[in-house]
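K.L.:
The structure under discussion is supplied below as structure tokens; questions concerning it will follow.
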Amino acid sequence: MILKSAGEIDKLRRSNVVVAEMLELLRAKIAPGVTTMDLEMVCVEELEKRKITPAFKGYRGYPFCLCTSVNDEVVHGMPSERVLNDGDIISIDFGVNLDGFYGDSAVTIAVGNIAPETQRLMDVTSEALNRGIAQALDGNRLFDISSAVQQYAEDAGFSVVRTFVGHGIGKELHEPPQVPNFGQAGKGIRLKAGMVLAIEPMINQGTYDVKVLKDGWTAVTNDGKLSAHFEHTIAITKNGPYVLSRL
Ligand code: MF3
Ligand code: CO
């Protein structure tokens with residue numbers, strides 16, 4: 001895997017700040033009655049205004065800037081005329097390329113008023129990500145991150161998606177290593193200062209099994225139950241994890 005210099009981490013920080021700002025802009029637009037395509041249009045306009053290149057559009061033929069995954073959609077939901085309803089949750093995943101370096105982050109957001117159990121799924125997924133990030137330490141092992149995510153999510157009674165994983169990130173959107181959200185602490189490659197990882201737990205209320213719809217992209221839970229997704233790009237430094245995609 002590729003170690004990044006301090007200067008490269010500065011560039012990755014800039015890309016990820018743009019991503020974080022966009023996610024905050026989109027968060028403010030989310031309400032019952034809004035369509036996922038409305039969100040895509042907000043994003044497209046903002047990118048044009050700022051002359052910034054989206055990361056996902058054109059990646060393996062993916063046609064949009066955003067992934068918008070609603071309720072039982074796990075990841076890679078595509079913007080459409082689907083209307084958001086009170087009580088829904090929506091995961092928004094977004095990335096950019098700025099000055100040759102990628103940013104990548106995702107959040108799950110409530111639409112109006114959601115059920116307490118739905119809120120708990122979101123809170124647990126967000127905290128599972130934090131627990132994973134806390135293990136992103138020079139000298140630790142890769143699966144220390146994975147194990148921390150899995151332990152926290154499963155202790156809360158939820159399941160961890162196996163099919164999709166986090167990844168290294170830099171001049172490419174996806175670099176080695178893969179970062180699973182399940183695994184055994186103390187195993188995996190040794191983590192080193194200069195590694196930059198996108199850690200992205202996808203946590204389900206029911207079974208961890210997912211299937212991909214006929215559109216070739218949208219991944220949904222096999223049992224139709226809810227799924228949440230949070231993602232941060234982080235750099236491992238001598239002073240601990242640096243969350244590049246947090247404002
Ligand atoms: N955060 C996801 C990832 O890094 C988003 C990729 S969506 C795709 O894998 F459309 F670009 F594939
Ligand atoms: Co990612």
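The values are calculated or read from the model by the stated rules, or taken from the named source; none is laboratory data. As the structure is a computational prediction, the values presented were derived from the model and not from experiment. Neighbour counts run over all protein chains shown; Cβ positions are idealised from the backbone, glycine included. For accessibility, only protein heavy atoms count, side chains too; no ligands or nucleic acids. Shrake-Rupley method; radii C 1.70, N 1.55, O 1.52, S 1.80 Å.
K.L.:
Which condition number in (1) out of contact with any Lys or Arg (no Cβ under 7 Å at 6 or more places or on another chain); (2) part of a loop (DSSP other than H, G, I, E, B); (3) more than 21 Å from Asp38 (Cβ to Cβ) is the one that Thr118 fails?
P.N.:
The one condition Thr118 does not meet is (2).
K.L.:
Among the residues of the range 236-247, write down those that are within 15 Å of ligand 2 (Cβ to nearest atom) and open to solvent by less than 10 Å² (accessible area, probe 1.4 Å).
P.N.:
Across the range 236-247, the qualifying residues are Leu244, Ser245.
K.L.:
Going by the conditions given, is Arg131 without any contact (Cβ under 8 Å) to a residue 24 or more places away in the chain and charged (D, E, K, R)?
P.N.:
On the way: without any contact (Cβ under 8 Å) to a residue 24 or more places away in the chain: yes; charged (D, E, K, R): yes.
Against the criterion (without any contact (Cβ under 8 Å) to a residue 24 or more places away in the chain and charged (D, E, K, R)), Arg131 qualifies.
K.L.:
Looking at (1) in contact with a Pro (Cβ under 8 Å, 6 or more places away or on another chain); (2) open to solvent by 40 Å² or more (accessible area, probe 1.4 Å), can you tell me which one Val111 breaks?
P.N.:
(2)
K.L.:
If we only count strands (runs of 3 or more DSSP E) wholly inside the range 158-237, which ones have 1 or more residues that are without any contact (Cβ under 8 Å) to a residue 24 or more places away in the chain? Break it down into steps so the answer makes sense when it comes.
P.N.:
Details: elements: 166-168, 175-179, 196-199, 202-204, 210-212, 219-221, 227-229, 232-237.
Fully inside the range 158-237 and qualifying: 175-179, 210-212.
K.L.:
Being β-branched (Val, Ile, Thr) and closer than 30 Å to Gly87 by Cα is the filter here, so list the residues in the range 1-58 that pass it. Don't jump to the end; show me each part of the working.
P.N.:
Going through the range 1-58, the residues β-branched (Val, Ile, Thr) turn out to be 2, 9, 17-19, 30, 34-36, 42, 44, 52-53.
Correct list: Val17, Val18, Val19, Ile30, Val34, Thr35, Thr36, Val42, Val44.
K.L.:
Another question about this same structure. Taking the range 17-62 only, how many residues are over 22 Å from His232 (Cα atoms), in contact with a Gly (Cβ under 9 Å, 6 or more places away or on another chain) and outside any helix (DSSP H, G or I)?
P.N.:
Number satisfying all stated conditions: 2.
K.L.:
In the range 14-37, which residues are buried (at least 18 other Cβ atoms within 10 Å of the Cβ) and not aliphatic (A, V, I, L, M)?
P.N.:
Ser15, Asn16, Thr36, listed by residue number.
K.L.:
Any chance you could count how many residues in the range 127-181 are closer than 22 Å to Asp72 by Cβ, within 15 Å of ligand 1 (Cβ to nearest atom) and open to solvent by 30 Å² or more (accessible area, probe 1.4 Å)?
P.N.:
The total comes to 4.
K.L.:
Output the residue which, of all residues in the range 63-88 that are outside any loop (DSSP other than H, G, I, E, B) and buried (at least 24 other Cβ atoms within 10 Å of the Cβ), is nearest to ligand 2 (Cβ to nearest atom). Give the steps one after another, and end with the answer.
P.N.:
Filtering the range 63-88 for residues outside any loop (DSSP other than H, G, I, E, B) gives 66-70, 73-75, 83.
Still in the list and also buried (at least 24 other Cβ atoms within 10 Å of the Cβ): 66-69, 73-74.
On the way: Leu66: 13, Cys67: 9, Thr68: 15, Ser69: 13, Glu73: 16, Val74: 13 Å.
Among them, the one singled out is Cys67.
K.L.:
Looking for something at pLDDT 95 or above, among the basic types (Lys, Arg) and more than 23 Å from Met78 (Cα to Cα) - is there at least one such residue anywhere in the range 188-197?
P.N.:
Here is the first cut: in the range 188-197, the ones at pLDDT 95 or above are 188-197.
Now drop any that are not among the basic types (Lys, Arg), which leaves 190, 192.
Checking which are more than 23 Å from Met78 (Cα to Cα) leaves us with 190, 192.
Scanning the range 188-197, I find at least one residue that is at pLDDT 95 or above, among the basic types (Lys, Arg) and more than 23 Å from Met78 (Cα to Cα), so the answer is yes.
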